[in-house]
């Protein structure tokens, strides 16, 4: 194992249990990574265990944490693209050993398999998409593409590993009702529902992006914040806005689809990657609405937009059913198709919103409530005879 800093797991303040945090890989800027940062604020003495850590491509706040990465982290190509590590992640995860009273594993497929000496709480963003939602995960990839063939070949082995890993979890927590149903169906486990928190600071500094200042102007653009993966439907959003000459779309995100999407951008769409939180605040503050076209297990960006008083135009599916209050904080469209997205964006130009009601909705997803409920779960795990397993 390699360590990014020297601090050890130490939760010994008073009689508090020793808590460690686990996460699949810390190589991206997304909602799951923001949840790990929120977990660390709830348990500031905890070390964070992971398979891969790439400080240059994730949130800078991670550089202040004690991060312990697996030996895979020595391989630069895997840090740059964790998907290339797929055949290696199961054995690497099984060899991560965490000595703590309670491990909170933030997971979409790997961290719930880390070995723990104490109780294990799995905060599940979703069971592994590459195993159980392969059509979404692979998108429009050809059945004979290397990605499709590789995933299909590994599926029997990885499903066996995943089911064994799920059996080591003492308490499951799901981040949305759709994930709770998925955990019940796939693992046969009941789980508590705790929504992820937003940590938006609307009073923080705002930094304009020089390359977007003329395009953004005084505002009024539609904003899309997403990883650039097939199931995120960013390509459909681009086609939709390309057919709406009166609209402007700004896409914030990175991922394996970036170059292909960039090549398809019409004149009224811009894309940026790796921007600071200050620049993201600038884009949120000047936006008209957030566009959310993807199949999300929770959908944190619509809550972040609500904190700014901005409505969302969202796919009627998945976690958005928990996070968008139709008619109060946003509107839905029925299918992730360019025609449906375009119709919803065009119709939204005539919407009138109560900004204070939108902001009040965002406060339901507070970090204080998230931290309080997780601390209770940790205490119960230590005190109880066997958790909820």
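We did not get these values from a lab; they are worked out from the coordinates using the rules stated. Keep in mind that what you see is a predicted model, and the values were worked out from it rather than measured. Methodologically, a virtual Cβ is constructed for each residue, glycine included, from the backbone with ideal geometry; neighbour enumeration extends over all protein chains shown.
Values computed for the structure shown
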quantity: Computed lengthening from residue 355 to residue 88, 0.36 nm per intervening residue step minus Cα-Cα distance; calculated: 91.4 nm
quantity: Calculated SAXS-style log₁₀ I(q)/I(0) at q = 0.11, 0.12, 0.14, 0.15 Å⁻¹ - the stretch 201-277, Debye, Cα scatterers; calculated: -0.28, -0.34, -0.46, -0.52
quantity: Length added when fully stretched, residue 263-residue 213, from 0.36 nm per residue minus Cα-Cα; calculated: 15.9 nm
quantity: Choice from 150, 220, 109 showing the highest fluctuation, given a GNM over the chain with Cα pairs closer than 10 Å; calculated: 150
quantity: Separation in nanometres of the label points that stand 7 Å from Cα toward Cβ, at residue 185 and residue 201; calculated: 4.0
quantity: Rounded FRET efficiency, nearest 0.05, which uses the C-beta distance separating residue 369 from residue 285 and R0 of 22 Å; calculated: 0.30
quantity: GNM result for the chain, Cα springs below 10 Å: residue of 247, 185, 337 fluctuating most strongly; calculated: 185
quantity: For the stretch 312-378 versus the stretch 28-76, the gap between their alpha-carbon centres in whole angstrom; calculated: 27
quantity: Value at 222 nm in deg cm²/dmol, rounded to 500, when DSSP H runs of n ≥ 4 in the chain each add -39,500 (n - 2.57); calculated: -10500 deg cm²/dmol
quantity: Ascending count of other beta-carbon atoms within 10 Å, so fewest first, for 75, 102, 352; calculated: 352, 75, 102
quantity: Additional length obtainable on full extension of the chain from residue 157 to residue 57, 0.36 nm per residue less Cα span; calculated: 33.0 nm
quantity: Nitroxide proxy distance, nm - points 7 Å out along Cα→Cβ at residue 133 and residue 347; calculated: 2.4
quantity: Two-decimal Rg/Rh across the stretch 213-364, once Rg and the Kirkwood Rh are taken from alpha-carbon atoms; calculated: 0.92
quantity: Neighbour-count ranking [beta-carbon atoms within 10 angstrom, fewest first] of 171, 57; calculated: 57, 171
quantity: GNM result for the chain, Cα springs below 10 Å: residue of 115, 211, 296 fluctuating most strongly; calculated: 211
quantity: Nearest-0.05 FRET efficiency for residue 95 and residue 75, computed from C-beta distance (R0 25 Å); calculated: 0.95
quantity: Relative exposure of 53, 123, judged by other C-beta atoms within 10 Å (fewest first); calculated: 53, 123
